[in-house]
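What follows is a single structure, written as structure tokens, with notes after it.
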Amino acid sequence: MKFEDYSIAIDIKRNLEKLGFRRPTDIQFKSIPPIMRGEDVLAIAQTGTGKTAAFAIPVINILNERRRLRGSSSVRCLVMVPTHELALQLGEVFNSIGNRTRVKTLCIFGGVQQEPQIEALRKGTDILIATPGRMFDLVSQGHLRLDRIEILILDEADHMLDLGFIGDIRDMMKHLPKKRQTLFFSATINDKIKKVAYSLVHNNAIRIQVSPNDPVAKNIQHAVAYIEMDEKRFFLERVIKEHPDSKILVFVRTKVRAERVASAMERAGIKSLTMHSDKEHAERLHVLDKFKKGKTKILIATDINARGIDIPHVDYVVNYDLPEEAENYVHRVGRTGRGEQKGQAISFCSTEEKPILAQIETFLEKPIHVLRIEKEDYKATIEFANDNVAANTDWKSLIRQAEKEDEEIKKKKRKKK
């Protein structure tokens, strides 16, 4: 089925065609019909599978068709997201899909002056995309009313509920009309958050899960290399210098670590930018924009950049440090291999991080490919960094070898069956 076959506004169809959206992804195919019917939906799908469009397309169409109450300028749809960057990204998607329709979209978030946002709210909007902190502030100050919300959407719902906003969200629900549509979308969800999510939707909510046995998308090749903590910088330098034209996103555990790794790369003659919570909002947007446009090839970030952000053409994700939360591994590696593109993800695991790796593999319900680095090659990598001596084997060869070994194991298991 193609988007041109859907019963949606002609302007939305034209916008989708301009964006290159011709056929729905699995999550879009399964989500759009029940949302169009006005049903509550709780949807889980891998990163990079088109979750935003899965709710943006039907919601824009619904609001475009419904008549606004005469004289009303109240918000009709509230979309809650955990970060500023994700709010802006969703705003771009909603505006692109809703171009030339009667539906207006506005983003509000903290870290910037609220007066322009208050003025924009006074002028009226149909869809409000907001981070929880700023939204709750404007509600408490009387600048934002929620009593005419027709549709509530929580994107990256598990993360938002896990950030400690559960109490605030429950309080917010008291201000919302009982008769409304509620949509939850996320890449991962644990049992605790699932229980809370189900308590916030109607009993007959449609539950959609588009996630095969492996929560990491099939077009992402991911592997782990055992590298000691103090030697990781040499291997990161090697990855970057072996792929000079690649866009590489590097994840570290803390903001201090991000700056230290960037300094180490600078000493090796590698330019990079960092992104973490100590950066001002405007600076974070500037850094992200430069990386998206390819003006900077190397971005070193904390998990602030792991969730939901769609960065085009990331060739490699490097987990310089393993994430403390196992499910964040899925979000991190999901920054590559978006849509139909192929991607590579490499994780560096030190001796002290092996328990974290075990937790990640338990979460994935399968082991991660191991890049077997021979002692001579390991030593050569460090010498390469110190003396510019080339290592014997490049990373792509190591990944291919790991996958070959894994395939052999699978064949043996199939023969036994």
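In segment 148-182, which residues are of a type in the set (A, V, I, L, M), in a helix (DSSP H, G or I), buried (at least 18 other Cβ atoms within 10 Å of the Cβ) and under 21 Å from the mean Cα position of the chain (by Cα)?
Ala157, Met160, Leu161 - these are the residues of segment 148-182 that are of a type in the set (A, V, I, L, M), in a helix (DSSP H, G or I), buried (at least 18 other Cβ atoms within 10 Å of the Cβ) and under 21 Å from the mean Cα position of the chain (by Cα).
Suppose the filter is buried (at least 17 other Cβ atoms within 10 Å of the Cβ), in the same structural domain as Arg335 (by TED's automatic domain parsing) and not in a helix (DSSP H, G or I); does Leu236 pass it?
no
Pick out the one residue from Leu121, Leu106 that is touching a strand residue (DSSP E or B) at 6+ places or on another chain (Cβ under 9 Å) and either under 15 Å from Val81 (Cα atoms) or assigned to a strand (DSSP E or B) (or both).
Sole residue among the options that is touching a strand residue (DSSP E or B) at 6+ places or on another chain (Cβ under 9 Å) and either under 15 Å from Val81 (Cα atoms) or assigned to a strand (DSSP E or B) (or both): Leu106.
Of the residues Ile189, Ile151, Ile166, which single one is of a type in the set (Val, Ile, Thr) and touching an Asp or Glu at 6+ places or on another chain (Cβ under 8 Å)?
Ile189
Please list, ordered by first then second residue, the pairs with beta carbon atoms under 9 Å, 6 or more apart or interchain, first in segment 115-126 and within 15 Å of Cys77 (Cα to Cα), second exposed (fewer than 14 other Cβ atoms within 10 Å of the Cβ).
Gly124/Ser72
Can you name the residue in segment 118-147 that is under 26 Å from Ala43 (Cα atoms), of a type in the set (D, E, K, R) and modelled with pLDDT of 90 or more and is also surrounded by the fewest Cβ atoms within 10 Å (Cβ to Cβ) among such residues?
Top of the filtered list is Arg134.
Looking at Thr302, Thr254, Thr274 in this structure, which one is among the polar types (S, T, N, Q), over 28 Å from Leu152 (Cα atoms), in contact with a Leu (Cβ under 8 Å, 6 or more places away or on another chain) and modelled with pLDDT of 90 or more?
Checking each option against the conditions leaves just Thr274.
Taking Phe185 and the conditions (1) in a helix (DSSP H, G or I); (2) in contact with a helix residue (DSSP H, G or I) (Cβ under 9 Å, 6 or more places away or on another chain); (3) at pLDDT 75 or above, which numbered condition does it fall short on, given that it satisfies the others?
Going through (1) in a helix (DSSP H, G or I); (2) in contact with a helix residue (DSSP H, G or I) (Cβ under 9 Å, 6 or more places away or on another chain); (3) at pLDDT 75 or above one by one, Phe185 breaks only (1).
Being charged (D, E, K, R), part of a loop (DSSP other than H, G, I, E, B) and surrounded by 14 or more Cβ atoms within 10 Å (Cβ to Cβ) is the filter here, so list the residues in segment 240-277 that pass it.
Selection gives Lys247, Arg253.
Could you list, in sequence order, the residues of segment 55-89 that are in contact with a strand residue (DSSP E or B) (Cβ under 8 Å, 6 or more places away or on another chain), closer than 16 Å to Ser186 by Cα and at pLDDT 95 or above?
Selection gives Phe55, Val79.
The values are calculated or read from the model by the stated rules, or taken from the named source; none is laboratory data. Remember, predicted model here, so these are calculated numbers, not experimental data. For neighbour counting, all protein chains shown are included, and Cβ atoms are generated from backbone atoms with ideal geometry for every residue, glycine included.
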